[in-house]
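Report on the following structure.
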Amino acid sequence: MGNRLVLWIFLSTLLFFLTMEAKTVDPYKVLGVERNASQREIQKAFHKLSLQYHPDKNKNKGAQAKFSEINNAYEILSDEEKRKNYDMYGDEKGSPGFGAGSPGDHGGYTYFTNGGPGKNQYTYGPNEWQSMSGQGGSKSFSFSFGGPSGPSSFGFGMDDIFSNLFGGKPGGGGQFGGFSGSTGSRPGSQPGSRSSPVSISAISSQVYKKEIVDQGMTWLLLSYTPSLKGHQHVESIIKEVASSLQGALKIGSINCETEPSLCKDLDIYPRRMPRVFVYSYKVSERGSLVEYDGDWAAKPLKIFCQDHLPRFSKRVDLKHFESSTVTVHKLPSVVLLSTKKDTPVIWRVLSGLHHNHFLFYDAEVHEVSDPMVKKLGVDALPAIVGWLSNGEKHVLKVGITIKDMKSAINELSALLEGFEKKSKKAASSQAKKSATGEKQIPLLTEFNFDALCGEKTPVCIIGAFRSSKERKKLESILNTLSQKSLSRQQNSADGRDSISYTLLDASKKASFLNAFDKAGFKSLDKVLVAYKPRRGTFAAFEGEMTTEEVEGFIGSVLNGDIRFSKTRQKPVLK
């Protein structure tokens, strides 16, 4: 019993002195930075020293131990919480033992993966660093430490990912891109895994031209030759970034030994190190390759990729959005309403994938009670509202919640594709009418009111109906008259037509007609109103709706033979 007690005391004392010795190693001195150094300065120092003492490059005695020491120092100083604890107590509390590793462990060196107490130290042999696998099969390497949150080995956890992409943490629900019923795992990952599986596509000339060039998707590309050391390490960083932005970008590698002409044509041939490029849509609608020249860590590379995602969506002020959408486009339009101050990442991705098929807009709104939001018929945020090419409005989706970015992009893409089909069907119907000499009469809405019945229009003819049967009859009459010369008299000031034609659904916009008639013409199935916006006057035709009678009414309006009355109030569509 006495011998056991002596042995226990001896081992405890030895462990105490070994621990104290480890604590005497100052991480600031190891990296050669001041105690008030910024994270950028710490990262630069680490990057420089890790390259200098990497065992694959530095064969000098002691380089392995020095390399491990550098990694341990960076593990502490790149984590604000551990750095704070070290500054206050001389102990980062819960971090790996701050030593040079065990020389007897297969002649290897120590790596850390931010796995938490007791789970963050692994030892590998000198030639194993390129094929390391952490828990869950996620490759990691000591170059990419630094995140205070989450299980990511590359310096950013889930809180960081979602604050950048969606403006909320997992479980946020009501924010665009917020999780619905999510745990803290990474998008697409299984419980306990550190990242969802991603693979790097081999890119040939044919693949580059067919799948990358101007396809609207951002690509992260690695150019390398097999003889260059380090390309597998760079691949691991690229995979980590792709995992966090899964669905927003694709990744590929170009072997310049097997694809020399492609590398030459693109001017991406690697020199001493592999090179990384983003196929970017930042500058224009035409994509272009932009080289990444930042630190070899996943967090700055991820930020770089986000900065180069498509920018096809136009940021608009909802208060002035009516005037920006009044003209009828060949393409349908969609607008995202969200509380985000900037265009959300998911919307930017969608705008790239579908930019040849839609006009994209997005607007910041603070709450659903905003009058402009209510006017659009939206009762929950975030929401997507669309307009067919003929100007007809549709609320596509409200109260958007998603599980992860990849599934959100797939679901919203399907939504947009369905709306595109509807728009094409409407355009086809319009084309048939044009082929038979019929001109489509637009339905008056709050978004095209200024263009059709604003102050720049001398006379606006409004055909109000309360049933589909009466609409069809009015539309046919107005179509016929719009082709005749009486509607082609032009205003000499701006060359616009002196008269515009539009239809109004009185069953949905009854209050609009109250500006002309106290009862809003409720006793009539249909009525024709000639409105002069500049003067605030009107005349109504309530007689038999035939082409001849309506033509006589409009002719009298243009010739000044009809008496106009003052409107009760300025007509406004709600």
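The values are calculated or read from the model by the stated rules, or taken from the named source; none is laboratory data. Keep in mind the model is a prediction, meaning the values are calculated, not measured. Note that we place each Cβ from the backbone using ideal geometry, even for glycine, and neighbour counts take in every protein chain shown. Calculation scope for accessible area: heavy atoms of the full protein, side chains included, ligands and nucleic acids excluded. Shrake-Rupley method; radii C 1.70, N 1.55, O 1.52, S 1.80 Å.
What the table shows:
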quantity	calculated
All positions within region 364-380 that are in contact with a strand residue (DSSP E or B) (Cβ under 6 Å, 6 or more places away or on another chain) and buried (at least 19 other Cβ atoms within 10 Å of the Cβ)	Val365, Leu376, Val378
Failed criterion for Asp265 (all others in (1) open to solvent by 70 Å² or more (accessible area, probe 1.4 Å); (2) part of a loop (DSSP other than H, G, I, E, B) hold)	(2)
Any chance Ile238 is of a type in the set (Val, Ile, Thr), within 21 Å of the chain's Cα centre (by Cα), part of a helix (DSSP H, G or I) and modelled with pLDDT under 50	no
Hey, Ile237 surrounded by fewer than 23 Cβ atoms within 10 Å (Cβ to Cβ) and either hydroxyl-bearing (Ser, Thr, Tyr) or closer than 27 Å to Ala408 by Cα (or both) or not	no
Selection status of Val30, among the β-branched types (Val, Ile, Thr), modelled with pLDDT of 50 or more and part of a loop (DSSP other than H, G, I, E, B)	no
Verdict on Arg471 being open to solvent by 10 Å² or more (accessible area, probe 1.4 Å), out of contact with any Asp or Glu (no Cβ under 7 Å at 6 or more places or on another chain) and modelled with pLDDT of 90 or more	yes
Filter pass, Pro226 being out of contact with any Leu (no Cβ under 6 Å at 6 or more places or on another chain), buried (at least 21 other Cβ atoms within 10 Å of the Cβ) and not in a helix (DSSP H, G or I)	no
Residue, modelled with the lowest pLDDT, within region 546-570, restricted to residues that are assigned to a helix (DSSP H, G or I) and either among the polar types (S, T, N, Q) or loosely packed, with under 10 Cβ neighbours inside 10 Å (or both)	Asn559
Residue in region 391-402 that is out of contact with any His (no Cβ under 9 Å at 6 or more places or on another chain), assigned to a helix (DSSP H, G or I), modelled with pLDDT of 85 or more and within 30 Å of Lys574 (Cβ to Cβ) present	no
Hits in region 353-369 - residues which are farther than 17 Å from Ile409 by Cβ and acidic (Asp, Glu)	Glu364, Glu367
Tally of residues being part of a loop (DSSP other than H, G, I, E, B), touching a Leu at 6+ places or on another chain (Cβ under 8 Å) and not aliphatic (A, V, I, L, M) across region 362-379	2
Filtered residues of region 498-531 (kept if open to solvent by 40 Å² or more (accessible area, probe 1.4 Å) and touching a strand residue (DSSP E or B) at 6+ places or on another chain (Cβ under 6 Å))	Lys526
Scan of region 354-363 for residues that are in contact with a Gly (Cβ under 9 Å, 6 or more places away or on another chain) and either open to solvent by 60 Å² or more (accessible area, probe 1.4 Å) or modelled with pLDDT under 90 (or both), ordered by number	His355, Asn356
Some residue of region 383-393 being over 19 Å from Leu353 (Cα atoms) and among the basic types (Lys, Arg)	yes
Looking only at region 241-262, and only at residues there that are among the hydrophobic types (A, V, I, L, M, F, W, C) and in a strand (DSSP E or B), the one that is surrounded by the fewest Cβ atoms within 10 Å (Cβ to Cβ)	Leu249
Residue in region 272-279 that is more than 24 Å from His357 (Cα to Cα), among the aromatic types (Phe, Trp, Tyr) and not in a loop (DSSP other than H, G, I, E, B) present	yes
Pair list, Cβ < 6 Å and 6+ apart or interchain, from region 360-371 residues that are within 18 Å of Arg315 (Cα to Cα) and among the aromatic types (Phe, Trp, Tyr) to residues that are open to solvent by 70 Å² or more (accessible area, probe 1.4 Å) and outside any loop (DSSP other than H, G, I, E, B)	Tyr361/Lys314
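Rundown of residues vs (1) modelled with pLDDT under 90; (2) assigned to a helix (DSSP H, G or I); (3) of a type in the set (A, V, I, L, M, F, W, C), yes/no style:
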residue: Cys460; (1), (2), (3): no, no, yes
residue: Gly463; (1), (2), (3): no, no, no
residue: Asn479; (1), (2), (3): yes, yes, no
residue: Gly495; (1), (2), (3): yes, no, no
residue: Tyr501; (1), (2), (3): no, no, no
residue: Ser507; (1), (2), (3): yes, no, no
residue: Ser511; (1), (2), (3): yes, yes, no
residue: Asp517; (1), (2), (3): no, no, no
residue: Ser523; (1), (2), (3): yes, no, no
